[in-house]
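The values are calculated or read from the model by the stated rules, or taken from the named source; none is laboratory data. Predicted model, so just to flag it, every value in this text is computed and none were measured. Cβ atoms come from the backbone with ideal geometry, glycine included; neighbour counts cover every protein chain shown. Just so you know, the surface numbers come from the protein's heavy atoms only, side chains and all, with ligands and any DNA or RNA stripped out. Shrake-Rupley method; radii C 1.70, N 1.55, O 1.52, S 1.80 Å.
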Amino acid sequence: MCSLTVYKPNEPWNKNKIVGQKLPLKLQQIWAIRIRLEIANNVRDLALFNLAIDSKLRGCDLITLKVKDIAHGRTIQSRAIIIQKKTGLPVQFELTENTRKSIQTLITNFQVSQNDYLFKSRIHSSAHLSTRQYGRIVDGWVSFNDWFRPNPIWDSHNEKNQTSINIQEN
């Protein structure tokens, strides 16, 4: 005899999850993250966060920045031009005073030379942070505050869209 198999549809992996591009951070949320990083004295993450907000670069471009891309000697440039990996087009961005200070502190504290990656990996097999490590760092920033948890609104892939001009006001 033949056996009958009953079809049971599986629940989709993304049911009740927000997928795709998330909303940009609000100004209040950006300052909350910035202040938490300053209080925690987390030099690398503060420099990474400030540079991500100022530069509008994708995560893959941000983590592969070298010191010589944004600094001449011991002076951090007020503007930088980077060639994007995805498009191959140059992008110019301006670095605010807070960002320059945090990058200068990072370079001083970690004794980074001109040819080194700005955001080194703690894993010896890799010279710089991976995009996966960067995504985890971003998730850590977002989980700082309770208002992020029920509705995650930040996506590290879409960081290109996160800029102080594009920030929503309350």
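Condition first: of a type in the set (A, V, I, L, M) and exposed (fewer than 10 other Cβ atoms within 10 Å of the Cβ). Now tell me which residues in the stretch 74-94 satisfy that. Across the stretch 74-94, the qualifying residue is only L89. Annotation: N166 fulfils all but one of (1) closer than 13 Å to K22 by Cβ; (2) modelled with pLDDT of 50 or more; (3) open to solvent by 50 Å² or more (accessible area, probe 1.4 Å); the unmet one is (2). Restricting the stretch 124-136 to residues that are surrounded by 11 or more Cβ atoms within 10 Å (Cβ to Cβ), out of contact with any helix residue (DSSP H, G or I) (no Cβ under 6 Å at 6 or more places or on another chain) and not charged (D, E, K, R), the residue that is farthest from I63 (Cα to Cα) is S126.
So that you can scan it fast, the table gives a plain yes or no per residue for (1) exposed (fewer than 15 other Cβ atoms within 10 Å of the Cβ); (2) among the hydrophobic types (A, V, I, L, M, F, W, C); (3) in contact (Cβ under 8 Å) with a residue 60 or more places away in the chain; (4) not in a loop (DSSP other than H, G, I, E, B):
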| residue | (1), (2), (3), (4) |
| --- | --- |
| S3 | yes, no, no, no |
| P12 | yes, no, no, no |
| I18 | yes, yes, yes, no |
| Q29 | no, no, yes, yes |
| A32 | no, yes, yes, yes |
| R44 | no, no, yes, yes |
| L48 | no, yes, yes, yes |
| L57 | no, yes, yes, no |
| D69 | no, no, no, yes |
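The number of residues in the stretch 106-118 that are over 18 Å from the mean Cα position of the chain (by Cα), open to solvent by less than 60 Å² (accessible area, probe 1.4 Å) and touching a residue at least 60 places away in the same chain (Cβ under 8 Å) comes to 0. In summary, T87 fulfils each of the numbered conditions (1) modelled with pLDDT of 90 or more; (2) closer than 15 Å to N50 by Cβ; (3) of a type outside the set (D, E); (4) in a loop (DSSP other than H, G, I, E, B) with the single exception of condition (2). Out of the stretch 123-138, which residues are within 13 Å of L51 (Cβ to Cβ) and outside any helix (DSSP H, G or I)? Selection gives L129 alone.
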